[in-house]
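The values are calculated or read from the model by the stated rules, or taken from the named source; none is laboratory data. For clarity, every value in this text was computed on a predicted model and none was experimentally measured. Note: ideal-geometry Cβ built from the backbone for every residue, glycine included; neighbour counts use all protein chains shown.
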2 protein chains.
Amino acid sequence: MNTPHPQQPIGIFDSGIGGLTVVKEIIRLLPNESLIYFGDTARVPYGTKSDSTIKEYSVQDTKFLLTHNVKLIVVACNSASSVALDEIKSRTDKPVVGVIKPGAEAAVIASHHKRIAIIGTNATVSSRAYEHEIHKFNSEIDVAGKACPLFVPIVEEGWMDHEIAFLTAKEYLFSLKKFAYDTMILGCTHYPLLKNVIRKVVGENVTLIDSGIETAKQVKNILTEMNLLNPSNQKPNRKYFVSDLPHKFKEIGEMFLGEKIERITKIDL
Amino acid sequence: MNTPHPQQPIGIFDSGIGGLTVVKEIIRLLPNESLIYFGDTARVPYGTKSDSTIKEYSVQDTKFLLTHNVKLIVVACNSASSVALDEIKSRTDKPVVGVIKPGAEAAVIASHHKRIAIIGTNATVSSRAYEHEIHKFNSEIDVAGKACPLFVPIVEEGWMDHEIAFLTAKEYLFSLKKFAYDTMILGCTHYPLLKNVIRKVVGENVTLIDSGIETAKQVKNILTEMNLLNPSNQKPNRKYFVSDLPHKFKEIGEMFLGEKIERITKIDL
């Protein structure tokens, strides 16, 4: 095992653009860190694909990040974190952080009535990955999940404040109503951009858990424990790679990231 | 060149499930023909990908159909027909039919005022493939296009009669209103399932062109001209292949096809 060095970058991958909401939180919490982001835009979305396909693609994404000598890998994709995390961990000795465990842990702490709702893609919800993690913390918590496939294209159209977003949220979340949850996990990296409309539908008494924020906290904890935080105050290097359509990634990506993306490179995996 | 035989199957491919609306029309018009369908469900959708990626995938799909000794190839995918048809034709001596030209020709005949609107995925609309075909028939026709990315997931949710479908259609089609078209091409194989809601928004005076129906007619014409219509009255063989998630394909596919799908095989390309 090569000992990692604090100045090495953090590697982050997602099936596409959504992982940038996780990057946003990592930048906010760890502004000195260099980052390598890979968005697999040629094969997006992962959420509609089978477990074995998601595993295969995730391993390829991980191998790409490892060629950039990253010190830690963030799987900033709920579908890949749900089904491929063990497979990824078996391929590297670097620490690997998914978005499921941090989100699950935060939800367990937040839920006073032990009733947690989870929304995400078909793959994330049907994998029951959040449920399994939640039950590792506390087996007495009741969990209900609901897949919301229209949310991703609504965000990518920029319709976050449109009536269609509100009606779609109402339609999807209606079936959860009788479950009487007090905490909801936004189990897809696109969903933080729909926080306002989801808040309108679920009301003020539900705690919304943003897995991106929780994941960034865990990345900071691990790097701190391992003495791998970058002590340098020099401008960090942030590089973005995609497997297709770099221009579209830049255009929509800056909305997700809340800042300019200077350099995007298209690669073939 | 091997001379094709009337009893060989017709090969049809699409990025996923939408091509089944074309299959439905082929079955209606040519009930004696055996069919091989391939849906590239591991890599769906093509519409969000770059031209070079769509070409690469389409060539792989074509090669798969050719291994099944098909007599004619239908590219039942607007995105692939828009950008990859020449590439596909260069790889085989079998006749290749896309969905663009038949749809364009039917629209030209239908449009008395020479103003045609085209709706489809981002790739189809920005390729301007329908526009180019229309102008080959008549260069004086005015054309306007509008990409409608939410239509596909709305159909796949089965929300064809929901207010969300209506509002989304209104939102997308509003910008076309001032163009004053009399004919609209449904330039995506999912869209025939939204015909009712689109009709409500555009009114009774617009002719809606279903490329699937027009493509089936052209397939019949070509097979007739080449003496390749299957004369047998035996039950034809219809085989369905997908690259991922055969169960989901069966479930949604029967809604598209309007009949049972007996056998679906998952393959790796």
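Selection of strands (runs of 3 or more DSSP E) fully inside the stretch A:29-113 by the criterion of at least 2 residues being more than 14 Å from chain B (Cβ to nearest Cβ) and β-branched (Val, Ile, Thr) returns A:72-75, A:96-98.
Residues that are buried (at least 24 other Cβ atoms within 10 Å of the Cβ) and out of contact with any strand residue (DSSP E or B) (no Cβ under 7 Å at 6 or more places or on another chain) within the stretch B:59-81 comprise B:Ser79, B:Ala80, listed in sequence order.
Return the residues of the stretch B:124-159 that are away from chain A (no Cβ under 13 Å) and either of a type in the set (Ser, Thr, Tyr) or over 22 Å from B:Ser79 (Cα atoms) (or both); say none if nothing qualifies. The answer is B:Thr124, B:Ser127, B:Tyr130, B:Asn138, B:Ser139, B:Glu140, B:Ile141.
Results for (1) assigned by TED's automatic domain parsing to the domain that holds A:Gly253; (2) within 16 Å of the chain's Cα centre (by Cα); (3) under 26 Å from A:Lys200 (Cβ atoms), shown as yes or no for each residue.
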site: A:Ala129; (1), (2), (3): no, yes, no
site: A:His132; (1), (2), (3): no, no, no
site: A:Phe137; (1), (2), (3): no, no, no
site: A:Cys148; (1), (2), (3): no, yes, yes
site: A:Gly158; (1), (2), (3): no, no, yes
site: A:Phe166; (1), (2), (3): no, no, yes
site: A:Lys177; (1), (2), (3): no, no, yes
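Applying the set (1) in the same structural domain as A:Cys188 (by TED's automatic domain parsing); (2) exposed (fewer than 13 other Cβ atoms within 10 Å of the Cβ); (3) on the phi < 0 side of the Ramachandran plot to A:Val202 leaves exactly one unmet item: (2). For the stretch B:178-192, filtering for residues that are in contact (Cβ under 8 Å) with a residue 40 or more places away in the chain and either within 14 Å of another protein chain (Cβ to nearest Cβ) or surrounded by fewer than 21 Cβ atoms within 10 Å (Cβ to Cβ) (or both) leaves 5. Here is the figure for the stretch B:226-258: residues that are within 18 Å of the chain's Cα centre (by Cα), farther than 30 Å from A:Tyr57 by Cβ and without any contact (Cβ under 8 Å) to a residue 12 or more places away in the chain total 0.
Considering only residues in the stretch A:3-24 that are more than 16 Å from the chain's Cα centre (by Cα) and in contact (Cβ under 8 Å) with a residue 12 or more places away in the chain, the one that is surrounded by the fewest Cβ atoms within 10 Å (Cβ to Cβ) turns out to be A:His5.
How many residues are under 16 Å from the mean Cα position of the chain (by Cα) and either surrounded by fewer than 22 Cβ atoms within 10 Å (Cβ to Cβ) or at pLDDT 95 or above (or both) if we restrict to the stretch B:25-54? So the count comes out to 11.
Look at (1) free of Cβ contacts under 8 Å to residues at least 12 places away in the same chain; (2) under 27 Å from B:Lys235 (Cβ atoms) and you find that B:Ser52 fails only one, number (2).
Quick check on the stretch B:246-269. Is at least one of its residues surrounded by 21 or more Cβ atoms within 10 Å (Cβ to Cβ) and aliphatic (A, V, I, L, M)?
No, the stretch B:246-269 contains no residue that is surrounded by 21 or more Cβ atoms within 10 Å (Cβ to Cβ) and aliphatic (A, V, I, L, M).
If the condition is being away from chain B (no Cβ under 11 Å) and without any contact (Cβ under 8 Å) to a residue 40 or more places away in the chain, then the stretch A:160-177 contributes A:Met160, A:Asp161, A:Phe174, A:Ser175, A:Lys177.
Here's the yes/no breakdown for (1) over 30 Å from A:Asn205 (Cβ atoms); (2) basic (Lys, Arg):
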residue	(1), (2)
A:Gly16	yes, no
A:Thr53	yes, no
A:Val59	yes, no
A:Leu66	yes, no
A:Val99	no, no
A:Arg115	no, yes
A:Gly120	no, no
